[in-house]
Amino acid sequence: MCRILVIDDEEAVRTAVKRRLERDGYKVDVADSQAAGIEAIKTHNPPYDVIVTDMVMESPTSGLEVLRAALTTDVFSEVIVLTAYGNVANAVECMKRGAFDYVEKNIPGVDVFELLSIKVGQALERRRTSLATLRKIEQYANDKLG
C-alpha cells in the first residue's frame, strides 16, 4: 500500500486532504508543522512514497525545508508543495529543487482536492517507474559482474 504524508499547519486542510486520499485507498499520515513533518520523514520506515506539504508554515520556506529532508532521506520520494500564496518564483524554486509539483490551494473553479488526488496518482506512477528503472540497472550491473 502506498504511504503518504500530509504536512500542513491548518487542521482543516490536513483533515480534508487526508480524507480525500484515504478515499482513494492510500494510507495517510499527517503532521501539523514543518518540524513534525521532517521528523516523520526521517523516522518512517519504509520511506513515504509521496509527501504533500504546505509551503508556508513556521517560515516562508517551510516547504523547501520539507522537500530537502524528503529527498535527503529517499531520493525517489515525490513531494507536492501546496500553497495559499502561489507565485511563480516559489513554484520555479520548488521544481528546481526536485518537487514533483506545486499546487495552489485556492484556484477559482477548480476542486483542489480532486486535482491533488490526480497529482498524487501521477507522482506514484513516476516513483514506480523510477524504482523499476533502478532495479533494471542493478540487475544489469549484477549480471555483468556475476
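Remarks
- Only residues that are touching a residue at least 12 places away in the same chain (Cβ under 8 Å), acidic (Asp, Glu) and surrounded by fewer than 19 Cβ atoms within 10 Å (Cβ to Cβ) were counted in the stretch 1-24, giving 4.
- Yes/no for residue 38 being free of Cβ contacts under 8 Å to residues at least 60 places away in the same chain, assigned to a helix (DSSP H, G or I) and surrounded by 15 or more Cβ atoms within 10 Å (Cβ to Cβ): yes
- Residues of the stretch 77-114 classified as over 30 Å from residue 45 (Cβ atoms) and hydrophobic (A, V, I, L, M, F, W, C), total: 8
- Selection count, the stretch 102-146, where residues are small (Gly, Ala, Ser), out of contact with any Phe, Trp or Tyr (no Cβ under 6 Å at 6 or more places or on another chain) and in contact (Cβ under 8 Å) with a residue 60 or more places away in the chain: 2
- Number of residues in the stretch 1-20 that are more than 13 Å from the chain's Cα centre (by Cα), of a type in the set (A, V, I, L, M, F, W, C) and assigned to a helix (DSSP H, G or I): the value is 3.
- Exactly one residue out of 52, 79 is farther than 18 Å from residue 10 by Cα, crowded, with 18+ Cβ neighbours inside 10 Å and at pLDDT 90 or above: that is 79.
- Among the candidates 144, 136, residue that is exposed (fewer than 14 other Cβ atoms within 10 Å of the Cβ), modelled with pLDDT under 90 and not in a loop (DSSP other than H, G, I, E, B): 144
- So residue 69, is it more than 20 Å from residue 121 (Cβ to Cβ), modelled with pLDDT of 90 or more, surrounded by 16 or more Cβ atoms within 10 Å (Cβ to Cβ) and aliphatic (A, V, I, L, M): yes
- Considering residues of the stretch 55-65 that are in a helix (DSSP H, G or I) and under 18 Å from residue 11 (Cα atoms) only, the residue nearest to the chain's Cα centre (by Cα): 63
- In the stretch 25-35, the residue that is surrounded by the fewest Cβ atoms within 10 Å (Cβ to Cβ) out of those that are hydrophobic (A, V, I, L, M, F, W, C) and closer than 20 Å to residue 1 by Cα is 30.
- Filtered residues of the stretch 92-114 (kept if assigned to a helix (DSSP H, G or I) and either exposed (fewer than 15 other Cβ atoms within 10 Å of the Cβ) or in contact with an Asp or Glu (Cβ under 9 Å, 6 or more places away or on another chain) (or both)): 92, 94, 95, 96, 112, 114
- Any hit, the stretch 21-34, residues being more than 12 Å from the chain's Cα centre (by Cα) and closer than 24 Å to residue 133 by Cβ: yes
- Hits in the stretch 96-111 (condition: hydrophobic (A, V, I, L, M, F, W, C) and modelled with pLDDT under 90): 107, 110
The values are calculated or read from the model by the stated rules, or taken from the named source; none is laboratory data. Note that this is a predicted model, so its numbers are computed, not measured. Note: ideal-geometry Cβ built from the backbone for every residue, glycine included; neighbour counts use all protein chains shown.
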